[in-house]
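These notes are about the structure you will find just below.
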Amino acid sequence: MAEDKAKSVYPRIGLFIDGEWIFDRESVTEVINPRDETVLAKVPKATLEDLQRALDAAARGFLAWRDTPPQERARIIRKATALMRERLNLIAQTITLENGKLFAHAYAEADRSLNFFEWNAAQSLRDYGLIVPGEPQMQKFVLRQPIGPVAAFTPWNVPISSAARKVSAALAAGCSVILKAAEETPGAACLVVQSFQDAGLPPGVLNLVFGNPAAISSTLIASPIIRLVTFTGSVPVGKHLSQLAAAAMKPALMELGGHAPVLVCEGVDGAAVGRLAARGKTNAGGQICASPSRFIVHQSVYQDFISAFSDAVKSVRVGDGFGTDVQMGPVASARRLAAMQALVADAKQRGARIAAGGQRIGERGYFFEPTVLAEVPFDADVMTTEPFGPLAACVSVADLDEAITLANSLSVGLAAYAFTNSLCDAERLGRELECGVLSINHFGTPDADTPFGGIKESGVGREGGPTTLDGFMVTKTVLQSTVRI
């Protein structure tokens, strides 16, 4: 009965091209419910002809959408957002089914994602150009115009949040979009697209494709129709897509992986921070790019921190994301489960202590215990490989100098966290930590009103905040003489 109910709630998965849904294609993969490993749906594979149709539709859609008044564009975006708000329960249920995260977390992700549509729609109405003072009979204008059709690639871990960031900014700027969502979690993307269709978005402005990721990315990025590439995902894939974009001389917005350090400084309540860390680490099963991963703790509070952290994660109730008393769902796939097991085994072999967790739960479904590794050697894989799961690596340091050096030692720099009661140390951390986002004394991350993105190998560009539309716009200088000829 549970399987039948899941299938009745889960949406039909299709391609959406030029305002029409397409379902009659061979499947590229199956959507697996991580709770029990049952099949939720088959995902259709776009053919090369489908991709060309999507490109042609995006080209036509862009010409129509570009010339649609900003007020009308914003009205349609707001209408689609209102429809998504009415459908929040269905969207959240879909995310929990295909991703495994708690229903409450899925609902919060979907609800928060609507902020991106509302913020970017509003930003589009105040995205002004400039008039530059000039000599008599010469007018100088700087115009802000949409860059053109956008190829947007989104990941499985935040099925609606990433799509919302990219689609909202592109549409608000006046661009058309071909969205390539993750085959593992396609349902939420289908529901977003359906809402825009129901809101009256013109055909071709928003298209959705699935299939072979390499074939889709190479085809879309090489096409002269696409003018911008935006991607959220792993560093290796981001580098590959950046190379494809560079070969075609196209800008790329890249929000890539991290391995977020958490600096717990001298003088704080180590036990209190440990209990906070348990909630931060198990949020969405640790499967978000900003998840706290490397806990770098001052030696004076280390034991209190480890004791409270491990005790707290041992009490976390793991189970079905729809369970009313469950605090963490399964990891999203067999691949993530295997990665957790391999990282724990490597750390243990190198001398780390398993303070909590470390084991798979049961034999069906991708459940893994929230895990705290203590006294982790610096050469353990988990110190350099983003775990992307409910796994925390903890080390003790003698002072802030050592903590900052260790935090900055990797080639990535997305999110970082710090806990301190010293304003002096907080100022130094803000200045010296190499990251795109720093949260001090909490585990929160940016909303629509503040920029999000990384430095070093964690990406290029920012999503959100007052500059959110910049990557989707170009500036054009117009020098107009008023001399009669």
Problem set entry | Test for PHE117: is it surrounded by fewer than 21 Cβ atoms within 10 Å (Cβ to Cβ), at pLDDT 95 or above and under 22 Å from the mean Cα position of the chain (by Cα) | no
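So in region 68-100, with the set limited to residues that are among the hydrophobic types (A, V, I, L, M, F, W, C) and surrounded by 22 or more Cβ atoms within 10 Å (Cβ to Cβ), which one is nearest to SER124 (Cα to Cα)? Please lay out each step first, then the result.
Keep residues of region 68-100 that are among the hydrophobic types (A, V, I, L, M, F, W, C), which gives 74, 76-77, 80, 82-84, 88, 90-92, 95, 97.
Those still in the list that are surrounded by 22 or more Cβ atoms within 10 Å (Cβ to Cβ) too: 77, 80, 84, 91-92, 95, 97.
Values: ILE77: 11, ALA80: 16, MET84: 20, ILE91: 26, ALA92: 28, ILE95: 29, LEU97: 34 Å.
Ranking the candidates gives ILE77 first.
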Exercise. Within region 127-146, is even one residue free of Cβ contacts under 8 Å to residues at least 60 places away in the same chain, of a type in the set (A, V, I, L, M) and touching a helix residue (DSSP H, G or I) at 6+ places or on another chain (Cβ under 9 Å)?
Worked result: no
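Residues checked against (1) surrounded by 22 or more Cβ atoms within 10 Å (Cβ to Cβ); (2) within 17 Å of ARG53 (Cα to Cα); (3) not assigned by TED's automatic domain parsing to the domain that holds ALA163:
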| residue | (1), (2), (3) |
| --- | --- |
| GLN194 | no, no, no |
| PRO203 | no, yes, no |
| VAL209 | yes, yes, no |
| ALA214 | no, no, no |
| SER223 | no, yes, no |
| VAL229 | yes, no, no |
| PRO236 | no, no, no |
Exercise. ALA312 passes all but one of (1) crowded, with 20+ Cβ neighbours inside 10 Å; (2) assigned to a strand (DSSP E or B); (3) free of Cβ contacts under 8 Å to residues at least 40 places away in the same chain; which number fails?
Worked result: (2)
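Would you say SER162 is buried (at least 24 other Cβ atoms within 10 Å of the Cβ) and touching a Ser or Thr at 6+ places or on another chain (Cβ under 7 Å)?
Details: buried (at least 24 other Cβ atoms within 10 Å of the Cβ): yes; touching a Ser or Thr at 6+ places or on another chain (Cβ under 7 Å): yes.
Yes.
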For this session: Would you check which residues across region 1-18 are loosely packed, with under 15 Cβ neighbours inside 10 Å and either of a type in the set (D, E, K, R) or at pLDDT 95 or above (or both) and list them?
Result: GLU3, ASP4, LYS5, LYS7, ARG12
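Of all strands (runs of 3 or more DSSP E) completely enclosed by region 210-283, which ones contain at least 1 residues that are of a type outside the set (Phe, Trp, Tyr) and within 22 Å of GLY61 (Cβ to Cβ)? Quick ask: steps written out before the conclusion?
Details: elements: 228-232, 252-255, 260-264.
Filter on region 210-283 gives 228-232, 252-255.
Out of region 450-473, which residues are within 16 Å of the chain's Cα centre (by Cα) and of a type in the set (D, E, K, R)?
Of the residues in region 450-473, the ones within 16 Å of the chain's Cα centre (by Cα) are 450-455, 457-465, 468.
Within region 450-473, GLU457, ARG462, GLU463 meet the criteria.
Within region 354-369, is even one residue under 25 Å from LEU102 (Cβ atoms), among the aliphatic types (A, V, I, L, M) and surrounded by 21 or more Cβ atoms within 10 Å (Cβ to Cβ)?
Kept after step one, since they are under 25 Å from LEU102 (Cβ atoms), are these residues of region 354-369: 354-369.
Adding the requirement that they be among the aliphatic types (A, V, I, L, M) leaves 354-356, 361.
Next, only the ones that are surrounded by 21 or more Cβ atoms within 10 Å (Cβ to Cβ) stay: 356.
Taking every residue of region 354-369 in turn, at least one turns out to be under 25 Å from LEU102 (Cβ atoms), among the aliphatic types (A, V, I, L, M) and surrounded by 21 or more Cβ atoms within 10 Å (Cβ to Cβ).
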Problem set entry | Unmet requirement for ASP381, which otherwise passes all of (1) more than 29 Å from SER439 (Cα to Cα); (2) in contact with a Leu (Cβ under 8 Å, 6 or more places away or on another chain) | (1)
Exercise. Pick from region 411-428 the residues that are without any contact (Cβ under 8 Å) to a residue 24 or more places away in the chain and not small (Gly, Ala, Ser): which of them is surrounded by the most Cβ atoms within 10 Å (Cβ to Cβ)?
Worked result: GLU427
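Here is a yes/no grid of residues against (1) closer than 30 Å to VAL316 by Cα; (2) of a type in the set (Phe, Trp, Tyr):
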site: ASP50; (1), (2): no, no
site: ALA57; (1), (2): no, no
site: ALA74; (1), (2): no, no
site: MET84; (1), (2): no, no
site: TYR107; (1), (2): yes, yes
site: ALA110; (1), (2): yes, no
site: ALA122; (1), (2): no, no
site: LEU125; (1), (2): no, no
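Condition test on PRO202, is it assigned to a loop (DSSP other than H, G, I, E, B) and either more than 16 Å from PHE231 (Cα to Cα) or in contact with a Lys or Arg (Cβ under 6 Å, 6 or more places away or on another chain) (or both)?
Yes; evaluated as a whole, the condition is true for this residue.
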Exercise. Among the residues of region 171-187, is any of a type outside the set (Lys, Arg), part of a loop (DSSP other than H, G, I, E, B), in contact with a Lys or Arg (Cβ under 9 Å, 6 or more places away or on another chain) and modelled with pLDDT under 95?
Worked result: no
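Might you let me know whether region 349-372 holds any residue that is outside any loop (DSSP other than H, G, I, E, B) and either free of Cβ contacts under 8 Å to residues at least 12 places away in the same chain or assigned by TED's automatic domain parsing to the domain that holds ILE95 (or both)?
Within region 349-372, the first condition is being outside any loop (DSSP other than H, G, I, E, B), and the residues that meet it are 349, 353-356, 360-361, 367-368, 371-372.
This time we only want the ones that are either free of Cβ contacts under 8 Å to residues at least 12 places away in the same chain or assigned by TED's automatic domain parsing to the domain that holds ILE95 (or both), so: 349.
Checked against the condition, which is being outside any loop (DSSP other than H, G, I, E, B) and either free of Cβ contacts under 8 Å to residues at least 12 places away in the same chain or assigned by TED's automatic domain parsing to the domain that holds ILE95 (or both), region 349-372 yields at least one hit.
The values are calculated or read from the model by the stated rules, or taken from the named source; none is laboratory data. This one's a predicted model, so the numbers in the text were calculated from it and none came from an experiment. Glycine also receives a Cβ, built like all others from the backbone with ideal geometry; neighbour counts cover every protein chain displayed.
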